[in-house]
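Presented below is the structure to which this report refers.
The values are calculated or read from the model by the stated rules, or taken from the named source; none is laboratory data. What you are looking at is a predicted structure, and each value in this text was computed from that prediction instead of being measured. Here the Cβ positions follow ideal geometry from the backbone for every residue, glycine too, while neighbour counts run over all protein chains shown. Ligands, DNA and RNA are stripped out before the accessible areas are found, and what is left, the full protein with its side chains, is counted by its heavy atoms. Shrake-Rupley method; radii C 1.70, N 1.55, O 1.52, S 1.80 Å.
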Amino acid sequence: MKYKSVFDIIGPVMVGPSSSHTAGAARIGLLGRKLFGHTPDHVDIHLYGSFKDTYQGHGTDVALIGGLLGFDTDDSRIIKAKEYADEQNLRTNFILHEEERSHPNTAIVDLLKGDDRLKIEGISIGGGKIELVSINDYEINISGNYHSLLVFHKDTFGTIARVTTVLGNNEINVSQMNVSRKEKGDIALMTIELDEEISEAVIQEVENIDGVERVIEMADD
């Protein structure tokens, strides 16, 4: 069940006009920025379905750019996000696709800065709610509503158990967990949504686990 209250259906406090096409788009951009860790230099934004059809009329374009700049859904600067992007030398390129994805409100956002690159696929499911369904072509499913860890690790026996043991020993409860891999024995991605904030000490403990390559922390909204 996606909605827990009438406020989920109405949507968040936001710059309009649409909770799905504006607020949801802003949250996809903002989530990409949180995962990337800083403002990118260049972003390719691929739009599908309804996002592609109405992206200018519903402000999906400025909302995505605003999110990438760190503007939340209720930030009035979203309306002039393109101007702020120019001031920060953020170049954006919108690419429209006719093909269908798993959801009609889909954006694939490819962020670049120097040698850093991050590609995410987000969908807006209504009421300002979103789901992140892939990162760097790893299939995942996180909402951005919880404090999360993204753990890139070698696809070897025992790594998942070692990570969950660290969390358990520190009395951190897992609300949702998913593991994705492209090929057996290659690098896998573990996404863990948590019920509470995690300390730097615990993150360091996870990073020091044998087989863990990289850990990305994502604070909740």
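For this structure, a couple of remarks:
- Computed helical MRE - 222 nm, the chain, DSSP H runs ≥ 4 contributing -39500 (n - 2.57), nearest 500: -7500 deg cm²/dmol
- Restricting region 126-175 to GluC sites (Glu not before Pro) in coil, as DSSP defines it, with at most 10 other Cβ within 10 Å: Glu171
- For the chain, the solvent-accessible area works out to 49 Å² per residue, with a probe of 1.4 Å and every protein chain left in place.
- Label point of Asn170 set 7 angstrom out along Cα-Cβ; within region 20-35, amide nitrogens under 20 Å from it belong to 35.
- Surrounding net charge for Val174, when Lys and Arg each add one and Asp and Glu each subtract one, Cβ distance under 11 Å: -3
- Coil-residue chymotrypsin sites (Phe, Trp or Tyr not before Pro) of region 134-221, DSSP, other Cβ within 10 Å capped at 14: Phe157
- Whole-percent carbon and sulfur share, accessible surface of region 61-212, 1.4 Å: 41 percent
- With only the Cα atoms considered, the chain has a convex hull volume of 128 Å³ per residue.
- Unsatisfied cross-links (Cα-Cα over 21 Å) in the set Lys52/Lys82; Lys80/Lys119; Lys34/Lys119; Lys82/Lys113; Lys119/Lys182: Lys80/Lys119
- Neighbour net charge for Val43 - beta-carbon separation under 11 angstrom, K R +1, D E -1: +2
- GluC sites (Glu not before Pro) within region 66-127, DSSP loop, no more than 12 other Cβ atoms inside 10 Å: Glu98, Glu99, Glu100
- Rounded FRET efficiency, nearest 0.05, which uses the C-beta distance separating Glu139 from Gln56 and R0 of 45 Å: 0.90
- Structural descriptor for region 147-218: relative contact order 50 percent, calculated from alpha carbon pairs under 8 angstrom and at least 6 residues apart.
- Relative contact order of the chain: 20 percent, from C-alpha pairs under 8 Å at least 6 residues apart in sequence.
- Between the beta carbons of Asn178 and Glu87, assuming R0 = 30 Å, the FRET efficiency works out to 0.20 to the nearest 0.05.
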